[in-house]
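Participant: Below is one structure. I have some questions about it.
The values are calculated or read from the model by the stated rules, or taken from the named source; none is laboratory data. These numbers come from a predicted model, not from an experiment. Neighbour counts run over all protein chains shown; Cβ positions are idealised from the backbone, glycine included. Just so you know, the surface numbers come from the protein's heavy atoms only, side chains and all, with ligands and any DNA or RNA stripped out. Shrake-Rupley method; radii C 1.70, N 1.55, O 1.52, S 1.80 Å.
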Amino acid sequence: MSYSVSELAALLGLGYQGEGNRRLARASSWESADESSLVFLDNRKQRGSAQSPPSHACIITSPHGVPADRTAILSKNPKLDFSRAALLLTPPTYGQGRQHPTAIVSPGADVEKDVDLGPHVFVAPGARVGKACVVHAGVTIGAGCEIGGECILHPRVVLYPGAKLGNRVVLHAGTVVGSDGFGYVFDGQTHVKFPQIGSVVIEDDVEIGCNSTIDRGSLGVTRIGAGTKIDNLVQIAHNVEIGRAVVIAAQTGISGSTVIEDQAVIGGQVGFGDHARVEKGAIIGSKAGVLPGKIVRGGQVYWGVPVRPLAEYKRLNALFGRLPEMKAELQSLKDSVAKIWALLDGDEDD
Amino acid sequence: MSYSVSELAALLGLGYQGEGNRRLARASSWESADESSLVFLDNRKQRGSAQSPPSHACIITSPHGVPADRTAILSKNPKLDFSRAALLLTPPTYGQGRQHPTAIVSPGADVEKDVDLGPHVFVAPGARVGKACVVHAGVTIGAGCEIGGECILHPRVVLYPGAKLGNRVVLHAGTVVGSDGFGYVFDGQTHVKFPQIGSVVIEDDVEIGCNSTIDRGSLGVTRIGAGTKIDNLVQIAHNVEIGRAVVIAAQTGISGSTVIEDQAVIGGQVGFGDHARVEKGAIIGSKAGVLPGKIVRGGQVYWGVPVRPLAEYKRLNALFGRLPEMKAELQSLKDSVAKIWALLDGDEDD
Amino acid sequence: MSYSVSELAALLGLGYQGEGNRRLARASSWESADESSLVFLDNRKQRGSAQSPPSHACIITSPHGVPADRTAILSKNPKLDFSRAALLLTPPTYGQGRQHPTAIVSPGADVEKDVDLGPHVFVAPGARVGKACVVHAGVTIGAGCEIGGECILHPRVVLYPGAKLGNRVVLHAGTVVGSDGFGYVFDGQTHVKFPQIGSVVIEDDVEIGCNSTIDRGSLGVTRIGAGTKIDNLVQIAHNVEIGRAVVIAAQTGISGSTVIEDQAVIGGQVGFGDHARVEKGAIIGSKAGVLPGKIVRGGQVYWGVPVRPLAEYKRLNALFGRLPEMKAELQSLKDSVAKIWALLDGDEDD
């Protein structure tokens, strides 16, 4: 899409200065920008740097201190509005019915006509793929899967049978949804597999990174709530329930039946034991560990293994660093007290 | 398969009450249960909950306190027996010779007639695939691989050339077996690859989750023992030896030449340095770290980085949390001792 | 390739003893060695072991204490020279123009004639694949990708559109290069995707393990420098810059815009916050955590969360283990001081 500066500003509900008629065709980095580019200037961060944004591009930035000769869209939250503008200039790709001759749609599968199917895609019997989806090369959609409209499945995504995706779900390359949970019962000799026959539901507007793994429920449901964003190489175990608009960074692992409530923010490489609960809006720092069954209260920031409120973690970590001093002080006190006793014993001996 | 309640109880070596002639067709969750369902009631956990199992399904539960009007199979270990029953009602899928026309079996490969091959499977020259295997869409089986009978390879599994699988091995989607180990020798300028020409053996009844990676030996063998179960996103490096009936949870990584003996249980996100050894039956908690060369004694539970016996870890972690108090006590003692000295000096001054 | 012992020694710039005319065809493990094998004897490690290298193979080892009757190539750094010898005996596989009939080269893609393309490969429009590359089964090469000469892409590798690889790059099975970075701006209700429209460059001689994920830049570039080696299941976020000859072990994750300078060595399961910097040659131990924005000085070894110089980490970890003693000593001191006060009060009461 392309918009004039004035059109784009109006769509964003923002003001502008300079050439209102200039056509903008795309969001760009500073390095690759031309006259049809919108570029992002974060006044707080980038002003101090030696670089300045390219003079030929339209910038989107905070209203304070923009040189009067620059064409600019003015925003109190330029990072957010640059993101919104980029989605207007380059909307997500929707399917247009381009189906590669090597794509296989099984008898009994129901794929809408405007779906794009890349090479070597396989859609198993009974699967449904909704309007305008884009299914990239080598994707496997298992029997009975249900996929809403306008989803994008990047190359090599695998959906196990019965997985359910809402609308506008984006799954990146190599991600697996609906695999068996990891549950066994030991009989003294062998590990007998506990049935992994539940379901998995990925709600609207979820985006999941590359090579992540989402197990289906053992008997119940694994659910990822609407608008949640998950990074690469994340593990979600059976029966986990994740709320709406949650953010989970790379390489985090969530054990069975744990609940992450709405708008929680989870760093990278965090580990959750089973049956834990993270309340709404809690923020958990990278590499933290949450014990099984633990309840993490909402609206706070947590760090460490096991997790503690950030202020406590910082205090403890600082004291940990001062252990050598504490040990030296302890030794000094011991010496001092020994001298006192020597003195007192001497007194008594007198 | 379907069995009557009395037949199923007899196969499990258990008693029952109620309608012995009722036909059971499947294990179910409570939510999806109908009259032909067997459902699992964990008396210890679920009794306290507000929910109760659906009245129309047959339950399998402990003999104590089952209402007399319920059809039930009675077990001292209902979770185990429910798992065993589920395997009777829904046995693993075996191949029946369904070979998709897009599956490629190279000249010189030897695939048994009753193997299922999904779309876009590739079996390289010299590979052997045993009786009744199920090879799902997009699996790649490298040259000279040897696969036993009744294995299940989920979509996108990759076996590098020469990988050996026993019988009834299950590999979930995206898992890679037999890749190059990570070994280089620095020559002062570049990292020269150490030869990664060994082998990898996955023994009978091993199950490995999604997107895990099992490197082959550099010169020797990487071996995963019979009945071992490995979760998603696990890394097993070159020359690792894992014993029988070991359990390894998600995102754990095991460095080169480390040995994990039989029946060890390893939590998620654990890291092992190279050349470590975990003795038989040791249990290592999630997120623990085992130093290179470390020997972890069997029959105990370990936590922490570096690992310590659980009781010690707990004591240290509790003391860590009390560092602020210790610091305050230390300060208070210093003050007190200073006062004593002042007093004593005063005395002496007298 | 095959060489006589004397030829191979000369190529390596080394001396030898014994049968200079014996033909060597391959590097081997001790177990699989025959008369045409070169095997590696690490004098420091393996001499003490009960085993000795097979008498019929040529060994490469340190000059000290080799029995006079053995055929041997003599090296001051036998591990390095064994690796160099193995590369001479078994050079990397180059493409010879074997293109499987199921491989798809889109119109407008430019694949050199001598490239090998495995089954079910997909090369999208505008992609370029350089001389003598080997592209294994099921690889997807996105639109506009540029791949240098003699690269090896193992099965199921995915390159997102526009990814750039240098020469002799090796990507192992399931690895993804050029995926969207994980960047969103919260608008109070939903997470709006920040544009992920940058590029990714993998320079010459980089090798990346299985199922790793390398995001492209959001606006700028993600770059992995020449000769860098990356293990399995590693996450590299958007705009990360990795220098030359860096080594990164399995399951490590590097957050956005972090810089790792040349020849740094990073252990497994390490986590880096965003905008951190690791200076040239720094060594970071497994499971370490580097805070956002942290600068890790070069030429030292670091451990822990957050990272500290190794000596400091060791001292603190030792003191952590002695917390129970410190607590006991503190208690003992408190008792002692209380007794002193009692005595002094008694004195004063006198």
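Participant: Hey, any hits in the range B:72-82 for a residue that's closer than 30 Å to C:P101 by Cα and either surrounded by 18 or more Cβ atoms within 10 Å (Cβ to Cβ) or β-branched (V, I, T) (or both)?
Facilitator: Looking for residues that are closer than 30 Å to C:P101 by Cα and either surrounded by 18 or more Cβ atoms within 10 Å (Cβ to Cβ) or β-branched (V, I, T) (or both), one finds none in the range B:72-82, hence no.
Participant: Here is a further query. Within the range C:219-244, work out how many residues are in a loop (DSSP other than H, G, I, E, B) and surrounded by fewer than 24 Cβ atoms within 10 Å (Cβ to Cβ).
Facilitator: Adding up the residues that qualify gives 6.
Participant: Shifting gears a bit: So in the range B:3-43, with the set limited to residues that are open to solvent by 40 Å² or more (accessible area, probe 1.4 Å) and among the acidic types (D, E), which one is farthest from B:A57 (Cα to Cα)?
Facilitator: Result: B:E7.
Participant: Would you check which residues across the range B:245-257 are surrounded by fewer than 24 Cβ atoms within 10 Å (Cβ to Cβ) and more than 7 Å from every other protein chain (Cβ to nearest Cβ) and list them?
Facilitator: Of everything in the range B:245-257, those that are surrounded by fewer than 24 Cβ atoms within 10 Å (Cβ to Cβ) and more than 7 Å from every other protein chain (Cβ to nearest Cβ) turn out to be B:G256, B:S257.
Participant: Could you list all residues from the range A:308-327 that are small (G, A, S) and open to solvent by 50 Å² or more (accessible area, probe 1.4 Å)?
Facilitator: Within the range A:308-327, the subset small (G, A, S) is A:311, A:318, A:321.
A:A311, the sole residue that qualifies.
Participant: Just wondering, is there one or more residues in the range B:131-154 that are open to solvent by less than 40 Å² (accessible area, probe 1.4 Å), part of a loop (DSSP other than H, G, I, E, B), more than 8 Å from every other protein chain (Cβ to nearest Cβ) and in contact (Cβ under 8 Å) with a residue 40 or more places away in the chain?
Facilitator: The answer is yes; a qualifying residue exists.
Participant: Looking only at the range A:121-130, filter to residues that are more than 14 Å from chain B (Cβ to nearest Cβ) and part of a loop (DSSP other than H, G, I, E, B); which one of those is farthest from A:E207 (Cα to Cα)?
Facilitator: Checking each candidate, the answer is A:G126.
Participant: B:V337 - would you say it is more than 17 Å from C:K327 (Cβ to Cβ) and in a helix (DSSP H, G or I)?
Facilitator: For B:V337, the condition - more than 17 Å from C:K327 (Cβ to Cβ) and in a helix (DSSP H, G or I) - is met.
For (1) touching a strand residue (DSSP E or B) at 6+ places or on another chain (Cβ under 9 Å); (2) modelled with pLDDT of 95 or more; (3) closer than 16 Å to A:T93 by Cα; (4) hydrophobic (A, V, I, L, M, F, W, C), each residue gets a yes or a no:
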| position | (1), (2), (3), (4) |
| --- | --- |
| A:A103 | yes, yes, no, yes |
| A:G108 | no, yes, no, no |
| A:V123 | yes, yes, no, yes |
| A:G130 | yes, yes, yes, no |
| A:H136 | yes, yes, yes, no |
| A:L153 | yes, yes, yes, yes |
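Participant: If you scan the range B:83-115, which residues turn out to be open to solvent by less than 80 Å² (accessible area, probe 1.4 Å) and either farther than 20 Å from B:E146 by Cα or within 26 Å of the chain's Cα centre (by Cα) (or both)?
Facilitator: B:S83, B:A85, B:A86, B:L87, B:L88, B:L89, B:P91, B:P92, B:G95, B:H100, B:T102
Participant: On to the next question. Please determine whether any residue of the range B:260-273 is in contact with an Asp or Glu (Cβ under 6 Å, 6 or more places away or on another chain) and buried (at least 24 other Cβ atoms within 10 Å of the Cβ).
Facilitator: Taking the range B:260-273 and keeping what is in contact with an Asp or Glu (Cβ under 6 Å, 6 or more places away or on another chain), we get B:261.
Still in the running and buried (at least 24 other Cβ atoms within 10 Å of the Cβ): none.
No, every residue in the range B:260-273 fails to be in contact with an Asp or Glu (Cβ under 6 Å, 6 or more places away or on another chain) and buried (at least 24 other Cβ atoms within 10 Å of the Cβ).
Participant: Here's a follow-up. Just checking, does the range B:85-100 include any residue being touching a helix residue (DSSP H, G or I) at 6+ places or on another chain (Cβ under 7 Å), in contact (Cβ under 8 Å) with a residue 12 or more places away in the chain and assigned to a helix (DSSP H, G or I)? Spell out the reasoning first.
Facilitator: Narrowing the range B:85-100 to residues touching a helix residue (DSSP H, G or I) at 6+ places or on another chain (Cβ under 7 Å): B:85, B:88.
Then drop every residue that is not in contact (Cβ under 8 Å) with a residue 12 or more places away in the chain, which leaves B:85, B:88.
Next, from what is left, pick out any that are assigned to a helix (DSSP H, G or I): B:85, B:88.
Yes, that holds for at least one residue.
Condition check ((1) closer than 27 Å to B:A237 by Cα; (2) within 14 Å of chain A (Cβ to nearest Cβ); (3) more than 18 Å from the chain's Cα centre (by Cα); (4) among the hydroxyl-bearing types (S, T, Y)) across all residues:
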site: C:K280; (1), (2), (3), (4): yes, no, no, no
site: C:K287; (1), (2), (3), (4): yes, yes, no, no
site: C:K294; (1), (2), (3), (4): no, yes, yes, no
site: C:G298; (1), (2), (3), (4): no, no, yes, no
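For (1) modelled with pLDDT of 95 or more; (2) in contact with a Phe, Trp or Tyr (Cβ under 8 Å, 6 or more places away or on another chain); (3) under 20 Å from B:D215 (Cβ atoms), each residue gets a yes or a no:
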position: C:I248; (1), (2), (3): yes, no, yes
position: C:Q251; (1), (2), (3): yes, no, yes
position: C:I254; (1), (2), (3): yes, yes, no
position: C:T258; (1), (2), (3): yes, yes, no
position: C:V265; (1), (2), (3): yes, no, yes
position: C:G268; (1), (2), (3): yes, no, yes
position: C:G273; (1), (2), (3): yes, no, no
position: C:I284; (1), (2), (3): yes, yes, no
position: C:V290; (1), (2), (3): yes, yes, no
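Participant: Looking at the range B:267-278, which of its residues are among the hydrophobic types (A, V, I, L, M, F, W, C) and within 14 Å of chain C (Cβ to nearest Cβ)? Walk me through how you get there before you give the answer.
Facilitator: Residues of the range B:267-278 that are among the hydrophobic types (A, V, I, L, M, F, W, C), as a first pass: B:270, B:272, B:276, B:278.
Passing the criteria: B:V270, B:F272, B:A276.
Participant: Among A:E19, A:E35, A:E7, which is part of a helix (DSSP H, G or I), more than 16 Å from C:G220 (Cβ to Cβ), modelled with pLDDT of 85 or more and more than 12 Å from chain C (Cβ to nearest Cβ)?
Facilitator: Criteria check complete, one pass: A:E7.
Participant: Which number in (1) out of contact with any Ser or Thr (no Cβ under 7 Å at 6 or more places or on another chain); (2) at pLDDT 95 or above; (3) closer than 22 Å to A:V157 by Cα marks the one condition that C:K193 misses?
Facilitator: In the conditions (1) out of contact with any Ser or Thr (no Cβ under 7 Å at 6 or more places or on another chain); (2) at pLDDT 95 or above; (3) closer than 22 Å to A:V157 by Cα, C:K193 misses (1) alone.
Participant: Taking interchain pairs and intrachain pairs at least six residues apart, which have beta carbon atoms under 6 angstrom, with the first residue in the range A:105-118 and outside any strand (DSSP E or B) and the second among the hydroxyl-bearing types (S, T, Y)?
Facilitator: none
Participant: Related question: Go through (1) more than 18 Å from the chain's Cα centre (by Cα); (2) surrounded by 16 or more Cβ atoms within 10 Å (Cβ to Cβ) one by one and return the number of the condition A:G346 breaks.
Facilitator: Of everything listed in (1) more than 18 Å from the chain's Cα centre (by Cα); (2) surrounded by 16 or more Cβ atoms within 10 Å (Cβ to Cβ), A:G346 misses just condition (2).
Participant: Working only within the range C:174-198, note down all residues that are open to solvent by 40 Å² or more (accessible area, probe 1.4 Å) and within 26 Å of the chain's Cα centre (by Cα).
Facilitator: Of everything in the range C:174-198, just one residue is open to solvent by 40 Å² or more (accessible area, probe 1.4 Å) and within 26 Å of the chain's Cα centre (by Cα), namely C:F182.
Participant: Hey, any hits in the range C:260-283 for a residue that's over 18 Å from B:F186 (Cα atoms) and in contact (Cβ under 8 Å) with a residue 60 or more places away in the chain?
Facilitator: Checked against the condition, which is being over 18 Å from B:F186 (Cα atoms) and in contact (Cβ under 8 Å) with a residue 60 or more places away in the chain, the range C:260-283 yields no hits at all.
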